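Q: So that we are looking at the same thing, I have put the structure below in structure tokens.
Just so you know, all these numbers are worked out from the coordinates, no wet-lab data involved. None of these values were measured; they are calculated from a predicted model. Neighbour counts are summed over all protein chains in view; Cβ atoms, including those assigned to glycine, are modelled from backbone coordinates with ideal geometry.
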Amino acid sequence: MFTGIVEKTGKIVHIEQDKTNYHFTIEVDFADELKVDQSMAHDGCCLTVVKLDKEKRQYVVTAMDETMLKTNLRTWHKGYEVNLERSMKLDARFDGHIVQGHVDQTAECERVIDENGSWRYYFTYDVEKNNFTVPKGSICVNGVSLTVVDSEKGRFSVAIIPYTQEITNFHNFKKGTVVNIEFDVLGKYVQKLLEEYFAATNN
């Protein structure tokens, strides 16, 4: 489980394809603190460390075909800057919101507005998957816990402060950038319960 508070950005230094799997070698300064089998969020996608090179401060994660199809990992390339978060500790403060690291779908950056000290990012997503946002609700974009500002069907915006802009890969976003989205898990449970309730009452 994660909280959506990005610790660092890492850099993709090597990509290797093995049949339908992709092995990503990532460089980050805390790699020497990691261990094999550890789960980490990469742009909000939970992946397992499978190999370590502590001297080079690099580690390897593997993504299967389903992950590549459903997330923005298919757009990753050598030099790509990826948001990283290690799993939460039970004795740590819960600064973001509940993030599972299970990407629901991707979204596309529609536009970025400089608001003289902060930035407003607008995203669009496929509504056929029945996901939704609500104003002032939680949303996870590329592993970053954020609050929804504008909420419409298939479209939402978030506001980014300078610290978040600097420490995450948001500063690389532009029109057309594909990002990973995880919708609020509490909202998903409520939606599921309501769907089952109305289905039962209509029978």
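Q: Test of understanding: express the Cα radius of gyration of the chain as a ratio to 2.2 N^0.38 Å, with N the residue count.
A: 1.05
Q: Mean residue ellipticity at 222 nm from the helices of the chain, using -39,500 (n - 2.57) per DSSP H segment of n ≥ 4 over the full residue count, to the nearest 500 deg cm²/dmol?
A: -4000 deg cm²/dmol
Q: D for segment 61-155, whole µm²/s, Stokes-Einstein with Kirkwood Rh over alpha-carbon pairs at 10 °C and 1.306 mPa s: what number?
A: 103 µm²/s
Q: Now for a different question. With charges set only on the Cβ (+1 for Lys and Arg, -1 for Asp and Glu), what does the dipole of the chain come to about its Cα centre, in debye to the nearest 20?
A: Using Cβ point charges on Lys, Arg, Asp and Glu, the chain gives about 120 debye.
Q: Still on this model: So what are the ³J(HN,Hα) numbers for segment 16-31, from phi and the Karplus equation (6.51, -1.76, 1.60; θ = phi - 60°), rounded to whole Hz, Gly and Pro as x?
A: Once rounded to whole Hz, the list reads 10, 9, 10, 6, 9, 9, 10, 9, 10, 9, 10, 10, 8, 6, 9, 4.
Q: If the only charges are +1 at each Lys and Arg Cβ and -1 at each Asp and Glu Cβ, what is the size of the charge dipole of segment 82-152 around the Cα centre, to the nearest 20 debye?
A: With only Lys, Arg, Asp and Glu charged at Cβ, the dipole is about 320 debye.
Q: Just list whichever of K70/K174; K136/K174; K70/K129 have alpha carbons separated by over 18 Å in the model shown.
A: Violating the 18 Å limit, Cα to Cα: K70/K174; K136/K174.
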